[in-house]
Structures are given as C-alpha cells and as structure tokens.
Number of protein chains: 2
Amino acid sequence: MRASDRAYAALRDEIIDWQLTPGTVLAEVEQAARLGVSRTPLREALARLTADGLVATQAGRGLMVTDVSADSIRQLFELRRALEEQAVRLAATRRDPAVFDALALEFERASTLIGRPEDRAAYYELVARLDAAIDDSVDNGYLVSALENLRTHLVRVRRLAKDNAARLLESAVEHLTITRAIADGDVELAASATHLHLHRALQHALGAHDLTIATTAMSHHGTTTLERTAS
Amino acid sequence: MRASDRAYAALRDEIIDWQLTPGTVLAEVEQAARLGVSRTPLREALARLTADGLVATQAGRGLMVTDVSADSIRQLFELRRALEEQAVRLAATRRDPAVFDALALEFERASTLIGRPEDRAAYYELVARLDAAIDDSVDNGYLVSALENLRTHLVRVRRLAKDNAARLLESAVEHLTITRAIADGDVELAASATHLHLHRALQHALGAHDLTIATTAMSHHGTTTLERTAS
DNA sequence: TCGCGCTACTGTGTATACATAGACGGAGAG
DNA sequence: CTCTCCGTCTATGTATACACAGTAGCGCGA
C-alpha cells in the first residue's frame, strides 16, 4: 500500500474517531514525522482530506480539522436527504428482490443484537451491508461517490452522538421498513420511510450534540475557574 | 497563484472543453513539461481531477480522461435531480424574494438574447447568476460543494450537446418558471418545475450524444477505410 | 515459427533540498 | 506604556534526485 494512502487512512480515521478534534492544526512536518512518511505523500493525504471537507485552510494558520456544529449537522442532513432519498428510489426500481428480502429477515431479528452489547458491532455491520446493497442496486457511480463521502462525515457525527439502545431499536424498525419497501419495489414508500428515518436520526444527533456542547462548556468553565484559583 | 492551481485549472478547462478527449493518457512528466511546472504540483492537480471524477486510473496504463457515455449522462442526471431539487426546495424556503424577482424579469427578456448569436454568452451568464443566487440562498456548504462538482461534469456534456436556439428558448421558459416559484416561496412548484426542466435537458443531452456517437463511428469507419486503402 | 524468458526502459512513488512568503517577537521611538 | 517597524524564523510551495515496479520488446530455445 502506498505511503500516501496509509497517511490518508490514518488521519481520516483519527478525525472521525475524535482523536483529532476540530480546530487541531495539522502541520506538514509534524504529521509527516508522526506517521513516519515524508512530506510529499503527506501533502497528498491532506489534499484528499481537504477535498473530503474533513480539513480546511484557516486563514494564515494552515490546515485545521473542520468543526462539527449544530448548523453543520443540519447542512449534512439536508445533503443526506437529497442523496439517500434518490438512492432508495433508484434501488427500489433496480433491486434484486432476493437480496433485500434476506436483509429484511435480518433486520427483523436485529433487536436481539442490539440488546446484547457484545453484538452491537454486528448490528452496525448489518446496516453497512444494507448501504452496500443499495449502492450496488443504484448502478450510479456519481451517486455512490457522493454517498461515500457523506458517510465519512456521518460516522464522525455518530461517534459524537453515542447511540443508545432505545434509539437503535427505533432505527432497526425504520431500516426494516425501508428494506421491505425496496424489496417490494415501492418507490414512494421507500422514499417516505427514508425521509422519516432521517428526520428522527437528525433529531437524535442534534439532541446529542447539544448535550455535548453543554457538557464541554461546563467542563471548560470548571477548568477556567480552577486555573484562576491556582494563579 | 500556485503552480498546482494553474495546472489544475488548465487541465480541467481542457477536459471540459474536449481538447483533452476521453481516453487520453495523462503522463506526469509529459504534462508537467507541457504546462511548465514540475511533477510535484502537477501530481496535486491530477489528484484533484481524480477526486472530481474527470480522470481515473486505468489498470496499468496510468491516468486517463474519463469517458462520457449515454450511461454516464444518465447517472449524472440522476445525481443532478437529487441535488438540484433539494437545492431549489431549500432556496424557495430561505430566499430573498427581491433577488429572484429581479432574475425573473431578466428571464422574461431572455428570448432577445438567445435570438442574437453575439448575446448568446449573456444568456449563459444569466443562468450562471441564477445558479449563484440559489447557492447563496440554500445556506449549505456541503450541498453547494456537491453542486459545483456536478456542474463541472455538466459543462463537459453541454459542450458536446451544442444547444440550439429552440432548446435554449424552451429552457429560458423553464428557468423563468423555477425562478418565479422560488421568488414566491412555492417549494413544491419549484421542485416540480426543476424535475421537468431536468427531464427535458436529459432528453436533449442524450439526443445530442447519440448523434455524436453516430458521427464519430462514421468518421472512424471512414478513417479506417482510408488507412486500409493507403497500406 | 511460436512461445517463453530476460533485459532494458519508462513511468510512478517517495524523499529531500531549496526558495519564499507570512507570522511572531523584540527593540526603538513617540 | 504602547505602537510600529524590522529582522528572524518557521512553514508551505516547488523542484529534483533516487528507488522500484510494471511493461514492452527482443532474443533464444524448442
């Protein structure tokens, strides 16, 4: 594997996993040394991250990890609705019914997975397989590319939101509805079910984000107070 | 301006202007020499073009200018519908009515521009200003980024389609309808008018493409015949 | 004559050296 | 004491040199 690919994957994973938090400055020599590559492949990695929107040039201060705010989540979900509604519409038209029937069966049993913390990863993997089946059915490279980039951002937001069992059980039902609609070739039902799913996911994400903001603000306040007391 | 930006702009413009035709191999040293930059900024330019989807790595043969086929145009317009319908929906919600009222007045007078070949560019510029007004109204960086990338591909297809006056007059009426719907804040009308506009634009683009394919095939046949005769 | 293998070469990927612009700090003047 | 200007220094942008892999072409053997 190329050094530039490794650097890109490493930085992207650290950003979506919140190890590199928004506002972190990514200096070329520093990151190149840390990741064990030279500046040339690292610059290529940073260029790709910039194109992805995970990193942006902040006037005069070099490249910074982009922010996640309530407003950016709103924007992200507006794009998500456009792309995913179109994707499920096309998937419902072009799908192989057997594939989505099989996935629907799995979603019916998903509540078991969600209940056991050790099987939580298996549920996320099931959702990923639904995404892959939709990508495969839409038969549209431009749309799939846009969806892949979108999902990178969504993972970052999801890591922040910390799904709870209640929300996951809800989402399993929503996914089941979407999957059945695609299997049945019901374009409008698939689109409406997706709209509903995204509406609820946005509410959940925004709620979690507000909590995080509040918590962060409080802990910052506390730190500041301690610093003042110490000085 | 940076050398990598110049190289990117030069290559992109040549690709969308069909000076670099699909299948052309872009070797690094060759292009670097031609554009008067070193390999480093040129590689950055090629990476950006690859991310844009204007260039792709063909197994073993290096980077090639991507193809434009009837199928790729179909895919492009499926993505276009998703993005533009969402964009006009959001624009109709968030617009400044005065901006779109002014644009609507200009579209009413557009038939004059289309009639005179020397003012043809002025009509395209008017459409570009409508796009810019929509971008400004949607207040969504992710969506605008996706639209900008999409438009690059659309320009390449349009250069192929060679709009005629009849189609442009039709499109002016469609644009007027969309602009008025946005000005009035009529979300569903704006979305439906956009759907209709894209449907007609696709028919036109596909028709033009088929003609080009037929012409190319004929000229290729002719060339082959000549070569055989010569040898 | 056909097939297999070897060699040379071209082109990509990476490292590094160099140029330059912009930011930060210090010193001096008002 | 503060503001401004100048110098230095750090970080980015570019060029180039080197390493290596993949390929094409040629030659040799069957």
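The values are calculated or read from the model by the stated rules, or taken from the named source; none is laboratory data. This one's a predicted model, so the numbers in the text were calculated from it and none came from an experiment. Cβ sites come from the backbone with ideal geometry, for glycine too, and all protein chains shown count toward neighbours. When the accessible area is computed, the model is the full protein with side chains, heavy atoms only, and any ligands, DNA or RNA have been set aside. Shrake-Rupley method; radii C 1.70, N 1.55, O 1.52, S 1.80 Å.
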The FRET efficiency for A:Gln203 and A:Arg61, from their Cβ-Cβ distance with R0 = 45 Å and rounded to 0.05, is 0.85
Given the C-alpha centroids of segment A:61-75 and segment A:1-50, what is the distance between them in whole angstrom?
-> 17
What are the nm distances, shortest first, from A:Thr152 to its equivalents in the other copies, labels at 7 Å along Cα→Cβ?
-> 1.4
Relative contact order of chain A, defined on C-alpha pairs under 8 angstrom at six or more residues apart (%) = 25
Average beta-carbon neighbours from other chains, 10 Å sphere, peptide B:67-74 | 1
Within 10 Å of each Cβ in B:95-106, the average number of Cβ atoms from other chains = 0
Exposed loop trypsin sites (Lys or Arg not before Pro) only (DSSP loop, at most 11 other Cβ atoms within 10 Å): please give the longest stretch of chain B free of them, not including the sites.
-> B:163-231
Under the definition of partner shielding as Cβ atoms of other protein chains within 10 Å of a residue Cβ, what is the mean value for peptide B:170-180?
-> 0
Going through the DSSP H helices of chain B, which span 15 Å or more along their own axis at the Cα atoms while scoring at least -1.0 as a mean Kyte-Doolittle hydropathy?
-> B:3-16, B:39-52, B:70-94, B:97-108, B:120-138, B:141-161, B:165-184, B:187-230
Copy-to-copy spacing for A:Trp18, label 7 Å out on the Cα-to-C-beta vector, in nm, shortest first?
-> 5.2
Could you pull the copy-to-copy label distances for A:Glu30, with points set 7 Å along Cα to Cβ, in nm to one decimal and sorted shortest first?
-> 4.2
Apply 1/(1 + (r/R0)^6) to the Cβ-Cβ distance of B:Ser111 and A:Asp13, taking R0 = 56 Å, and write down the FRET efficiency to the nearest 0.05.
-> 0.55
Roll a 1.4 angstrom probe over the protein heavy atoms and tell me the percent of accessible area of the protein assembly as shown that is carbon or sulfur.
-> 56
All other residues with a Cβ under 13 Å from the Cβ of B:Leu196 taken together, and with Lys, Arg as +1 and Asp, Glu as -1, what is their net charge?
-> -3
Relative contact order (%) - segment B:55-146, alpha-carbon pairs under 8 angstrom, separation at least six | 31
So how exposed is A:Trp18, as accessible area in Å² (1.4 Å probe, rounded to 10)?
-> 60
Keeping every protein chain in place, order B:Met1, A:Met64 by accessible area at 1.4 Å, biggest value first, i.e. largest first.
-> B:Met1, A:Met64
